[in-house]
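Report on the structure given below.
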Amino acid sequence: MKTNVIVTSRGVVSLPAKLRRAAGIKPDDQLIAEATPEGILLRPAVTLAVEIYSDDAIRGFDAEEGKLAKVLAKQKTR
């Protein structure tokens, strides 16, 4: 699908609804704009949530992994 868009004096480009629907772009989606030999390419940006664990949580994970290691060791000897 091709369509004309306008760049405002502030550099803002609005993508028509039909084009957004065709590309699966939803409100608040992030896009990466990349200059290519053919022109400007817009593609979805992949965002991943990051979780930071407390020292207590990490100790809990370590304890559970220790328990799992014991269970797996028992199964291996059977």
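Residues within the reach of a label modelled at residue 42 (point 7 angstrom out along Cα to beta-carbon, backbone nitrogen below 13 Å), restricted to the range 7-27, are 7-8, 12-27.
With the simple model of a label 7 Å out from the Cα in the direction of the Cβ, residue 4 to residue 19 spans 1.2 nm.
Helix 55-77: angle to the longest alpha-carbon principal axis of the chain, degrees 0 to 90, nearest 10? Once rounded, one gets 60 degrees.
A simple spin-label model places the labels of residue 12 and residue 56 4.6 nm from each other, with each point 7 Å out along Cα-to-Cβ.
The count of lysine pairs in the chain whose Cα atoms are under 27 Å apart, excluding pairs fewer than 8 places apart on the same chain, comes to 4.
Readers should treat all values here as calculations from the given coordinates under stated rules, not as data from a laboratory. Because the structure is predicted, anything quoted here is derived from the model rather than measured. Note that each Cβ is placed from the backbone with ideal geometry, even for glycine, and that neighbours are counted across all protein chains shown.
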